[in-house]
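Right, one structure below, let's go through it.
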Amino acid sequence: MFLPIPQPVLDRMKWLEETDARDRLDGTPKALRLRLVGPETGRFLAMLASSAPAGRWLEIGTSGGYSALWLSLAARQVGASLTTFELDPHKVTLARETFRLAGVDDVIEVVHADARRALEDIDRISFCFLDAEKDVYTACHALALPRMVTGGWLLADNAISHRDELDEFLHMALEDTRTDATIVPVGKGVLVARVR
């Protein structure tokens, strides 16, 4: 899956990493930055996704498409596809460009919509990654979990870096008896929950 990563994917990953680093140095407002997961988190996501049972793969919070590029590697390996939701129209355009240039737009669909509304019409979810504004995590978890298949993975980024902001959500997710869950100290911390 990771050896070799296609050059167009690597090139776009590098461009997104450089853009994000430059925006952080330039003081670009947080809401406008890409706010990427790191490559170690991307690899972790792809490895878990590749082990997901049959079902739908979702990402909530596309940004520039960096984490979805990692997930595309797993999708290609197992014959899956990813649907990713983004509210910001600029980031939707950027993500579509990312997937086209990286040559993965055949396995990734970008949906310009609020995932909280879209989730009501989706079932048989086997992989769901939350990496959006932190105030939607609880609602997305509540909507996605009942629609997930046994053995499916629900992950949420920033479980350590934003622990104070996510405290209520993390407590609820870790205590939910429908899953086995823990926080993994990779990148900014990832909540990992596997559906029982």
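The values are calculated or read from the model by the stated rules, or taken from the named source; none is laboratory data. As the structure is a computational prediction, the values presented were derived from the model and not from experiment. Ideal geometry is used to build each Cβ from the backbone, glycine not excepted, and the neighbour counts take in all protein chains shown.
Annotations
- Single match in ASP176, ASP164, ASP180 (criterion: crowded, with 17+ Cβ neighbours inside 10 Å and among the acidic types (Asp, Glu)): ASP176
- The requirement of being surrounded by fewer than 21 Cβ atoms within 10 Å (Cβ to Cβ) and either out of contact with any strand residue (DSSP E or B) (no Cβ under 7 Å at 6 or more places or on another chain) or not small (Gly, Ala, Ser) (or both) is satisfied by LEU25.
- On inspection, LEU71 fails the criterion of being over 16 Å from GLY187 (Cβ atoms) and assigned to a helix (DSSP H, G or I).
- Pairs are defined by a Cβ separation below 9 Å, a sequence spacing of at least 6 or placement on different chains, a first member in segment 138-158 that is over 15 Å from THR84 (Cα atoms) and surrounded by fewer than 16 Cβ atoms within 10 Å (Cβ to Cβ), and a second member that is modelled with pLDDT of 95 or more and among the basic types (Lys, Arg); the pairs so defined are ALA139/ARG116; PRO146/ARG178; THR150/ARG196; GLY151/ARG194; GLY151/ARG196.
Residues are listed down the side, and each one gets a yes or a no for (1) surrounded by fewer than 19 Cβ atoms within 10 Å (Cβ to Cβ); (2) more than 17 Å from LEU143 (Cβ to Cβ):
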{"position": "TYR66", "(1), (2)": "no, yes"}
{"position": "LEU71", "(1), (2)": "no, yes"}
{"position": "LEU87", "(1), (2)": "yes, no"}
{"position": "ARG100", "(1), (2)": "yes, yes"}
{"position": "VAL104", "(1), (2)": "no, yes"}
{"position": "LEU119", "(1), (2)": "no, no"}
{"position": "ILE122", "(1), (2)": "yes, no"}
{"position": "ILE125", "(1), (2)": "no, no"}
